[in-house]
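The values are calculated or read from the model by the stated rules, or taken from the named source; none is laboratory data. Owing to the predicted nature of the structure, the values given are computational and were not obtained by experimental measurement. Glycine also receives a Cβ, built like all others from the backbone with ideal geometry; neighbour counts cover every protein chain displayed.
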Amino acid sequence: MPHILIIEDDPKLGPMLKSSLEYAGYNVTLAVDGKFGMGEALRGAAQLIVLDLMLPKMGGMQILKALRRELIHTPVIILTALGTEAERLEGFRVGCDDYIVKPFSLMELIARIRAVLRRSGWRNTPSVIHCDGLTIDPDSRSATLSGLPLDLAPKEFELLYTLASHPNQALSRRFLLDEVWGEETDVTNRVVDTRILSLRRKIEPTPDTLQRIVTVYKVGYMWKINKQS
């Protein structure tokens, strides 16, 4: 999953953003001042940076300019209270990929993060998953259970791989819709539930024994394992 670096000094907003983005399925690092944030950005571990401009120790615009001078092209979304046209234009001139003015909608921020990641070409690195008798190969788009092939529809396979790629993490229906169905606009949470029911019939020991895909109340679903195999 993508690693997002948040550089934000607000003691309430920073932790809220971190927990919200983690809930949405991202790995998140929070830096609470510009100097520490710059160091984290230079490490190159993040696939995207959410950057405040008014920061202690080193301003956000200074960080962005330094990154672009070093030819570091990690996508940057500026998230700031500075919202005049001149300030926005300066952000894009220096090299930001998007610009959001506070106050903002959390859902809009998540949508813009996903859009910027798609434009930047970020993709999960395909890898074969082995777990509890299941083998899931994204290259061949095949899955086996106890050595026997599973007959999965394309969306069932993508849903299975998405779940198994996030073991023991509660994934919301919204996250699963975005990851599996992407830009399709005619799908609802009910579609996720229907596909989950179909998957359970194919991979669970019995319909009443939910060992792999468990429901997380008021959230969505979790791929439950005791240990990685």
Answer residue from segment 123-154, given it is polar (S, T, N, Q) and over 24 Å from Arg201 (Cα atoms) and is modelled with the lowest pLDDT among those: Thr125
Positions within segment 147-176 being among the aliphatic types (A, V, I, L, M) and either exposed (fewer than 15 other Cβ atoms within 10 Å of the Cβ) or part of a loop (DSSP other than H, G, I, E, B) (or both), in sequence order: Leu148, Leu150, Leu152, Ala153
Identity of the residue in segment 177-200, within 18 Å of the chain's Cα centre (by Cα) and within 22 Å of Ser142 (Cβ to Cβ), that ends up surrounded by the most Cβ atoms within 10 Å (Cβ to Cβ): Val180
Test: residue in segment 76-85 that is of a type in the set (Gly, Ala, Ser) and at pLDDT below 90: no
The one condition in (1) assigned to a loop (DSSP other than H, G, I, E, B); (2) touching a residue at least 40 places away in the same chain (Cβ under 8 Å) that His130 fails to fulfil: (1)
Top-ranked residue of segment 4-14 - restricted to ones that are in contact with a Leu (Cβ under 8 Å, 6 or more places away or on another chain) and not hydrophobic (A, V, I, L, M, F, W, C), ranked as surrounded by the most Cβ atoms within 10 Å (Cβ to Cβ): Glu8
Members of segment 29-49 that are over 16 Å from Pro11 (Cβ atoms), assigned to a strand (DSSP E or B) and of a type in the set (A, V, I, L, M): Leu48, Ile49
Matching residues in segment 15-36 - criterion: being in contact with a Leu (Cβ under 7 Å, 6 or more places away or on another chain) and either under 23 Å from Met61 (Cβ atoms) or surrounded by 16 or more Cβ atoms within 10 Å (Cβ to Cβ) (or both): Lys18, Gly25, Val28, Thr29, Ala31, Asp33, Gly34
Some residue of segment 99-114 being loosely packed, with under 13 Cβ neighbours inside 10 Å, at pLDDT 85 or above, not in a loop (DSSP other than H, G, I, E, B) and not assigned by TED's automatic domain parsing to the domain that holds Met54: no
Whichever residue in segment 55-93 is of a type in the set (Gly, Ala, Ser) and in a helix (DSSP H, G or I) and, among such residues, is surrounded by the fewest Cβ atoms within 10 Å (Cβ to Cβ): Ala86
Yes/no for Ser120 being at pLDDT 90 or above, farther than 23 Å from Gly14 by Cα and surrounded by fewer than 17 Cβ atoms within 10 Å (Cβ to Cβ): no
Failed criterion for Ala46 (all others in (1) touching a Leu at 6+ places or on another chain (Cβ under 7 Å); (2) more than 26 Å from Arg173 (Cβ to Cβ); (3) at pLDDT 95 or above hold): (3)
Members of segment 5-28 that are more than 22 Å from Val216 (Cα to Cα) and assigned to a helix (DSSP H, G or I): Leu13, Gly14, Pro15
Matching entry among Asp178, Asp139 (being among the charged types (D, E, K, R), out of contact with any His (no Cβ under 7 Å at 6 or more places or on another chain) and free of Cβ contacts under 8 Å to residues at least 60 places away in the same chain): Asp139
